[in-house]
1. Report, by residue number, each residue of the stretch 89-109 that is over 20 Å from the mean Cα position of the chain (by Cα) and either at pLDDT below 95 or among the small types (Gly, Ala, Ser) (or both).
2. Can you name the residue in the stretch 655-692 that is under 13 Å from Val642 (Cβ atoms) and hydrophobic (A, V, I, L, M, F, W, C) and, of all such residues, is surrounded by the fewest Cβ atoms within 10 Å (Cβ to Cβ)?
3. Restricted to the stretch 407-427, and to residues that are among the aliphatic types (A, V, I, L, M) and touching a helix residue (DSSP H, G or I) at 6+ places or on another chain (Cβ under 8 Å), which residue is surrounded by the fewest Cβ atoms within 10 Å (Cβ to Cβ)?
4. Please list, ordered by residue number, the helices (runs of 4 or more DSSP H) wholly in the stretch 249-295 having 1 or more residues that are without any contact (Cβ under 8 Å) to a residue 12 or more places away in the chain, closer than 28 Å to Val324 by Cα and in the same structural domain as Lys219 (by TED's automatic domain parsing).
5. Across the stretch 344-358, which residue is nearest to Leu487 (Cα to Cα) among those that are basic (Lys, Arg) and part of a helix (DSSP H, G or I)?
6. Just need a number here: residues in the stretch 296-307 that are closer than 28 Å to His162 by Cβ and assigned to a loop (DSSP other than H, G, I, E, B).
7. Any residue in the stretch 194-215 that is closer than 15 Å to Ala286 by Cβ, touching a Pro at 6+ places or on another chain (Cβ under 9 Å) and part of a helix (DSSP H, G or I)?
Amino acid sequence: MTEEIRWVKTHCARMDHGGCGLLVGVRDNQIVQVKGDPEGYLNHGYTCYKGRVSADRLTHPDRLKHPLKRVGERGEGKWQRISWDEALDETASGLLKIKEKYGARAVGFGVGMPKGLEHFVLIRLANIFGSPNVIASQDVCHAAREVTGIHTCGFYPVADLHNPTGLILSFGSNLLSSNEEGQIGSMVLEQIKKKVPLIVVDPRRTELAERAEVWLQVKPGAETALALGLLNVVIEEALYDKEFVEKYTHGLEELAQHIKQYSPEAVSELTWVPADLIRKAARMYAAAKPAALQWGNAIEHSVNVFDSARALVCLMAITGNLEVAGGNVNAHDPKIMGLGEFVRADLIPTKAKEMISAHHGVIPRLMTIAPAYFRKAVLEGVPYPVRGYYGMCCNPLVTWADSRTTYEAFKSLDFIAVADLFMTPTAAMADIVFPVAHQYEMNDIGHYGIGHGMVLARPKVVEPPEECWPDMKIMNELGKRVSPPELWKEDHEEFLEDLVRPAGLTYQEFVAKGYLKGPDRFKSYMEKGFRTPTGKVELRLSTAEKFKLKPLPEYTGMPDGEDPDYPLLLISAKSRYFLLSSYRWVEKLRQKRPHPFVDINPETAAAHGISDGDSVIVETKYGQIEQVARVTDTVHPKVINVALGWWFPEGDASEQYEWRKSNFNMLTSIGTLGKEFGTPNIKNLPCRIRKK
């Protein structure tokens, strides 16, 4: 007799930051349908196509189902099946040999963007092992905005799309395609339906831009100049919130003097945006009470990110849009275990001084290592040798800037272990590969530690294959082998109980609730001021000299310069059908995007003899790749938009699945880095294109 469909409430994950409440239909330990939960706090029933087909990740015939040990040369694609005990013992031995010879800091612990609680178990593993080096994508994703916010106003200013707002300024963000950090596309659509005016800053005419009252088609790489131009109009025309600025900001006079050079006419020359549109957008944003500035991580793909982020926080501040409902808020966590306690930060008190990044003088409060600095340590021993790597939820060979350097670094390491669902180009470089349980096959908690003031329940929906373990379990068992076992759990699910215990809940009681949200606290600065050295929003940084930072945001020119031999500008955008380099092996998603498409304007295509569907070569001074032309007027004639994250799961295992052929990061370099975060230019690069 066939079992009835059982419906389980959970939240989407590992398709982006996740957050959509889901109803998952299960029969006989198989997921038969995924749909949006009408009661979902963030999505109210909406979910994207990726989410609806997300269960297909679990049933692919090539999914990793057993621990593997490399038997050929590194990257050759030859493996031997081994037991879990062997895999864990070999990994522990590999890491401990390096620790004995070079010290704990010679092992890097790698992760992609935060997916769930395993991200923080990884930091705990590194801390307990004694390594200060967690290698993450934060140099190009999230941390630059968060840490810049902390230095400028004392917190990470999150666009409040839950409360009524007078206007949304979407700056380098496209929520209808990529739901980042719990800001779900449906939240923007609900505001638009209420006739909330929308301003979009984007080099591409996206679906969001088509819905905008004002679209500022900015020159890629000149977004800092545009932000400064908006500031210029608000200050020069005295459109700012005078009471707030007088009482709660530091350095207006210096900013006002500094900003004079960024008139709309001057900025128009730099950005391609007409001066009258710059004025209109600035006036609309300043007049709306309140206005929400939704900033995307596109601004973090340039060496100039600190200036861009600083300028935008200053814009939020002087218009009185900080810490107000419908503006940009300080999201407070619910009663849960604090990050420091969870990751056992107490066991590595000198971490900030010991990190690889400390040698390079990055901004204080950035606690992960930029991949560029990790590879420098591996290949050059600067500031000290790094010889081992444990990675999960990431595919650095494709996703880190300058893929050739990544390959050289991984080839040279003494030991690599990788945990993944599927054999990726990076996993193919490992000595040990662990097969993981995926989202629907484990109990988890989402949105912890990313600054949005909520945590989401992700209960197990189906049982995993017999030898697929949750990342948390893998690290818990590895931790017992490389550090004092008493610092680890009998059962890894105790981590879930620890996290929600301060709320007076068990994990199952938390699951019944679905999510926990911290309290809304608006205008708390009226009693406490801002958590900065001056107690105010620092339009001019009071710590600039101390930390060797710029006191005021400025535009210093195109991030990668100009080059007449490469007359076009290269950008990229996330695909709504993949998560960066993930899931090209999911058939329903691959059908939607079978090839890596490069968007090219009809005028530019005609000038180069390129037709829709042609194979083309895209080239920068750092390298070249092959993609497929898609002729569209959504991009400027001087801009091409290249597909991100491409490798070919159907390709040759001994060539790590052809990661060189179409991979965007063959076109990028780590030769120039932003000082504050170690950020490379992974957009806005001079390029050229030709028919293959």
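The values are calculated or read from the model by the stated rules, or taken from the named source; none is laboratory data. Computed from a predicted model, the values in this text were never measured in an experiment. Using ideal geometry, Cβ is built from the backbone for each residue, glycine included, and neighbour counts are taken over all protein chains shown.
1. Step one: list which residues in the stretch 89-109 are over 20 Å from the mean Cα position of the chain (by Cα), which gives 89-107.
Matches in the stretch 89-109: Ala92, Ser93, Gly94, Gly103, Ala104, Ala106.
2. Of everything passing the filter in the stretch 655-692, Met666 is surrounded by the fewest Cβ atoms within 10 Å (Cβ to Cβ).
3. First, pick out the residues of the stretch 407-427 that are among the aliphatic types (A, V, I, L, M): 409, 413, 416-419, 421, 423, 427.
Next, from what is left, pick out any that are touching a helix residue (DSSP H, G or I) at 6+ places or on another chain (Cβ under 8 Å): 409, 413, 416-419, 421, 423.
Working: Ala409: 24, Leu413: 21, Ile416: 24, Ala417: 25, Val418: 26, Ala419: 28, Leu421: 24, Met423: 23.
Looking at residues that are among the aliphatic types (A, V, I, L, M) and touching a helix residue (DSSP H, G or I) at 6+ places or on another chain (Cβ under 8 Å), I get Leu413.
4. On the way: elements: 252-259, 264-271, 275-287.
Fully inside the stretch 249-295 and qualifying: 252-259.
5. Keep residues of the stretch 344-358 that are basic (Lys, Arg), which gives 344, 351, 353.
With the extra rule that they be part of a helix (DSSP H, G or I), the set shrinks to 351, 353.
Details: Lys351: 19, Lys353: 24 Å.
Residue satisfying both the conditions and the ranking: Lys351.
6. So the answer is 2.
7. no
Each row is one residue, and each column tells you yes or no for (1) assigned to a loop (DSSP other than H, G, I, E, B); (2) under 26 Å from the mean Cα position of the chain (by Cα); (3) of a type in the set (D, E, K, R).
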{"site": "Pro435", "(1), (2), (3)": "no, yes, no"}
{"site": "Tyr440", "(1), (2), (3)": "no, yes, no"}
{"site": "Ile450", "(1), (2), (3)": "yes, yes, no"}
{"site": "Lys460", "(1), (2), (3)": "yes, yes, yes"}
{"site": "Pro464", "(1), (2), (3)": "yes, no, no"}
{"site": "Met475", "(1), (2), (3)": "no, yes, no"}
{"site": "Leu478", "(1), (2), (3)": "no, no, no"}
